[in-house]
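Remarks on the structure that follows.
The values are calculated or read from the model by the stated rules, or taken from the named source; none is laboratory data. Remember, predicted model here, so these are calculated numbers, not experimental data. Cβ coordinates were reconstructed from backbone atoms using ideal geometry, including for glycine residues, and neighbour counts include every protein chain displayed.
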Amino acid sequence: MSGQWMLPAFDLHALLVAPWTEQRETFGWVGVMGFCVAASCGLLGNYLLLRRMALMGDAVSHSVLPGLVIAFLVSGGRDTGAMFLGALASGLGATLIIDFLQARTPLKQDAAIGIVFSALFAIGVLLTVVFAGQIDLDPDCVLNGELLFVALEPPVHWGAWTLAPPAVLRMAGVLALVVGVIAIGYRILLVSSFDPGIARAAGVRVGTVRLGLMLLLSLVVVSAFEAVGAVLVVAMLILPGATATLLTDRLPRLHLLAVLHAALSVWWGVGLAVWLDCSLAPAIVVMGAVLFALAWLFAPRGGLIAQGLRRARVLS
Amino acid sequence: MLSVARVASVIRALVLLAALAGVGTPLGAAVALRVVATTPLVADLVREVGGPRVSVRSLMGPGVDPHSYQPTPSDLRALQEADVVAFHGLLLEGRMEGVLQRLRTRRERVFAITADLAPAQLRQVGEGASTVDPHVWFDVRLWRDCVEPVVRALSQADPAGTGVYRARADDLRQRLSGLDAWVREALAVLPPERRVLVTSHDAFGYFGRAYHFEVVGLQGISTVGEAALSAMAELTQFLTRRRVPAIFVESSVSPKAIQRVAADAGIRVGGQLYSDSLGPPGQTAEGLDPSTYEGMVRHNVRTLVAALR
């Protein structure tokens, strides 16, 4: 039977080791890029989960389309800086509108998110249709990123040193910023995420912290979707934190586990993509979901197997 | 109910398709150059010029819409290992063209087959700067002008083969001139009022300009946007008013909208035209092989004549 399936041969060495050794030229920067994206998203995602704002990432990623179109029209071309600023502005704008709706109307956050991101995405689609003659910008190019193309970019040189391709440098910078913000603002983030009431009483400006977090989220999402697209970036924001939450409830360990999740899903994701010869970003997300399922099964305390054992012990 | 067997057969079909799409020419002993081409059309042109001296791999399989192509790890490796990379240009490949342009700085032999076309030969659509219609291959004479960049790139990468490439290119240009004459002759049976070509998206602008057809597309140049309802209604009115006998679906675009318009206007779908891609290899029909440029052109013209006369 197995021959009839015509699945490619499964060779662990070729899938998990070779991409990082013999084929390093092909997959090296792709892996680093994937890790920077997944780790930035995962670290930030922890705080989104703690604050029950998991879908905020979805909102930001779908809201960038109108910003991209307007930036394209204003700058008269595909200027990367202008596009980036446009996307950032409309992502941030979306979070502000959501907060406003939540505070000033009887709507809860889920409804506010649903209204804002779909409306902004729809505006973006309309703009691309109306200005179709002047812009070469499909809604598709926002929805699908392309991680593999990183490997084809020539690396930046700095003096005698050969650095990484520009996209990788940018994303590494974003990751460094996320790590830096968390390291410096750790206590404030901790207390305002777990208990806003206490934070406010202790003099923390909860609103400012939230705004800063949304700014960082917009930055991460906009930088990431060049690589993975607006849909899959949401999975990368939520899966590492969600997996870590199953295994621990202490914030420092949540961070470590989220980064570990990011690294493992990229490693296995590249293996899966090589095996099936398919697109990379979805393969990474699938492996991230597999890791989540494994954690759910095997978590020492709340996992399915641990629960079953405990129930069996109680019954006997 | 989805049975395991059915799922298995679907997966098998998908895997088989994927395997077929990836087939390149096997490496023979005499092969001097490994070329990666983006689309089947570009691959066909390079094969015609290179003959047995080159092995060509097309990144996009038959029927793949170049606007929505996603690369795989093996595509990436092929691109990195290729001696020459040929792409179409004029933004047909969308964002990928930017990537290929940057690749050019690292590897010199990356070229666009449309590099020699003068601005006056190209169709402007809309007003902006980046709004050239990329579908030049439907004007056989323009396609003939795409031969020279191929010869240059191949000769540069493999100077020993220059003579072979020149000779094959001259032969190819002659055959393309013959093909152009054949198209004009075949279409001569259609009176001017019957020369209306209605398809899914505006891929046939060059065809219309070269062979005197009025071309109406349901969608814009890009294949991505859904056909707007108003466009469908307008098109239905147009068809009824002009008494157009048939409209056509395209191989790389979903046929639904066109089928719907045909039903609304009470006319028939005249057949499938190849637009952004070629046909799958090995499916020769009525002596034509639509997996080659020439076969594709002849197929399209025969389909048009049969439906519109």
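Here are a few things to note about the model shown:
- First in the range B:77-95 and within 25 Å of A:ALA273 (Cβ to Cβ), second anywhere and of a type in the set (Lys, Arg) and buried (at least 23 other Cβ atoms within 10 Å of the Cβ), Cβ under 7 Å, 6 or more apart: none
- Residues being more than 22 Å from the chain's Cα centre (by Cα) and among the acidic types (Asp, Glu) - total across the range A:55-111: 1
- Within the range B:183-210, residues that are under 13 Å from B:ILE247 (Cβ atoms) have Cβ atoms under 9 Å from residues that are charged (D, E, K, R) and buried (at least 19 other Cβ atoms within 10 Å of the Cβ) in these pairs: B:THR199/B:GLU250; B:SER200/B:GLU250; B:HIS201/B:GLU250; B:HIS201/B:ASP276, counting only partners at least 6 apart in sequence or on another chain.
- Annotation: of all residues in the range B:74-83 being out of contact with any strand residue (DSSP E or B) (no Cβ under 7 Å at 6 or more places or on another chain) and at the interface with another protein chain (Cβ under 7 Å from one of its Cβ atoms), the one that is modelled with the lowest pLDDT is B:GLN80.
- Within the range A:108-131, residues that are among the basic types (Lys, Arg) sit with their Cβ atoms under 8 Å from residues that are surrounded by 15 or more Cβ atoms within 10 Å (Cβ to Cβ), at 6+ positions apart or across chains, in these pairs: A:LYS108/A:GLN102.
- Any chance B:VAL198 is assigned to a strand (DSSP E or B), out of contact with any Cys (no Cβ under 9 Å at 6 or more places or on another chain), more than 14 Å from chain A (Cβ to nearest Cβ) and at pLDDT below 85: no
- Residue satisfying all of: in the range B:62-73; in contact with a helix residue (DSSP H, G or I) (Cβ under 8 Å, 6 or more places away or on another chain) and at the interface with another protein chain (Cβ under 7 Å from one of its Cβ atoms); nearest to A:GLU146 (Cα to Cα) among these: B:PRO71
- For the range B:88-190, the helices (runs of 4 or more DSSP H) that sit wholly inside it and include 1 or more residues that are away from chain A (no Cβ under 14 Å), basic (Lys, Arg) and crowded, with 19+ Cβ neighbours inside 10 Å are B:162-187.
- Among the residues of the range B:201-217, those that are in a loop (DSSP other than H, G, I, E, B) and aromatic (Phe, Trp, Tyr) comprise B:PHE204, B:PHE213.
- Any hit, the range A:101-115, residues being crowded, with 18+ Cβ neighbours inside 10 Å, touching a Gly at 6+ places or on another chain (Cβ under 9 Å), assigned to a helix (DSSP H, G or I) and not polar (S, T, N, Q): no
- Taking helices (runs of 4 or more DSSP H) as the structural unit, those lying wholly within the range A:233-316 and holding at least 1 residues that are within 14 Å of another protein chain (Cβ to nearest Cβ) correspond to A:251-276, A:280-298.
- One residue alone among B:ALA306, B:ALA263 is within 24 Å of B:TRP182 (Cβ to Cβ) and part of a helix (DSSP H, G or I), and that residue is B:ALA306.
- B:VAL31 more than 10 Å from chain A (Cβ to nearest Cβ), at pLDDT 90 or above and under 24 Å from B:GLU148 (Cα atoms): no
- Residue in the range B:225-243 that is assigned to a loop (DSSP other than H, G, I, E, B), touching a residue at least 40 places away in the same chain (Cβ under 8 Å) and surrounded by 15 or more Cβ atoms within 10 Å (Cβ to Cβ) present: no
- Some residue of the range B:195-206 being surrounded by fewer than 18 Cβ atoms within 10 Å (Cβ to Cβ) and closer than 24 Å to B:ARG302 by Cα: yes
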